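Structure record follows, encoded as structure tokens.
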Amino acid sequence: MWVGAFAVPDAQGQVFGRVEETESSVAYFYHARPGEATVQVSVWGTIPQPGIYEVPDTTSLDKLMTMAGGAPLEARREGRHAPTITVQVYRPGPDGRSQIFEAQLTDLLNGNPQYPDFRDNDIVVVETVTPKSPFTWRDALSLTSTLGTLVLLGLRIFDRT
């Protein structure tokens, strides 16, 4: 199209297409031999590799946690208490999900609790609770310096003689 001495391109509508790629941060792990009966179990929480695990229906809880990277154990400083790690298993039912198992990691390691066999759509939740750190000299120094700063600020503002 020509307008005067200038060539003007024809107007085109903006084209919106469907997004062709989908990104997902969900990890899916398949740990079974061909022909084995499997179940899909979701692993959530403070485990190194959370995700959906398709495993043989005979897989034990400790093996599943090992596949997911093991328990979230960290180096402990001297004089500090170890974190409490709790493992819970939830199972879907007619009234929603219900908790069918709960144990401390230390009990699992000692072999005390009997955990249930997995079924499809079970959810394993690993929760780590770190104990509150004690009041240290660094905390006292921080409070003292903050208090000193506020006192000096108050003296500057109110002492204008």
Report task. Give the number of residues within the stretch 105-128 that are closer than 14 Å to PRO50 by Cα and loosely packed, with under 11 Cβ neighbours inside 10 Å. Result -> 0
Report summary line: Taking first residues from the stretch 36-62 that are without any contact (Cβ under 8 Å) to a residue 40 or more places away in the chain and second residues anywhere that are loosely packed, with under 15 Cβ neighbours inside 10 Å and among the β-branched types (Val, Ile, Thr), the pairs with Cβ under 8 Å that are 6 or more apart or on different chains are GLY51/VAL26; ILE52/VAL26
Query raised in the report: Applying the selection to the stretch 118-135, what residues are within 18 Å of the chain's Cα centre (by Cα) and either in a loop (DSSP other than H, G, I, E, B) or over 30 Å from GLY96 (Cα atoms) (or both)?
Result: THR130
Query raised in the report: If you go through the stretch 65-115, how many residues are in contact (Cβ under 8 Å) with a residue 24 or more places away in the chain and of a type in the set (Ser, Thr, Tyr)?
Result: 4
Report summary line: Within the stretch 26-59, residues being among the aromatic types (Phe, Trp, Tyr) and within 19 Å of PRO116 (Cβ to Cβ) number 2
Query raised in the report: Is it the case that some residue within the stretch 72-86 is at pLDDT below 90, assigned to a strand (DSSP E or B) and not β-branched (Val, Ile, Thr)?
Result: no
Query raised in the report: farther than 18 Å from GLU127 by Cβ and of a type in the set (Gly, Ala, Ser), is that true of GLY70?
Result: no
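The values are calculated or read from the model by the stated rules, or taken from the named source; none is laboratory data. Since the structure is predicted, the reported quantities are computational estimates derived from the model, not experimental observations. FYI the Cβ positions are ideal-geometry reconstructions off the backbone, even for glycines, and counts take in every protein chain you see.
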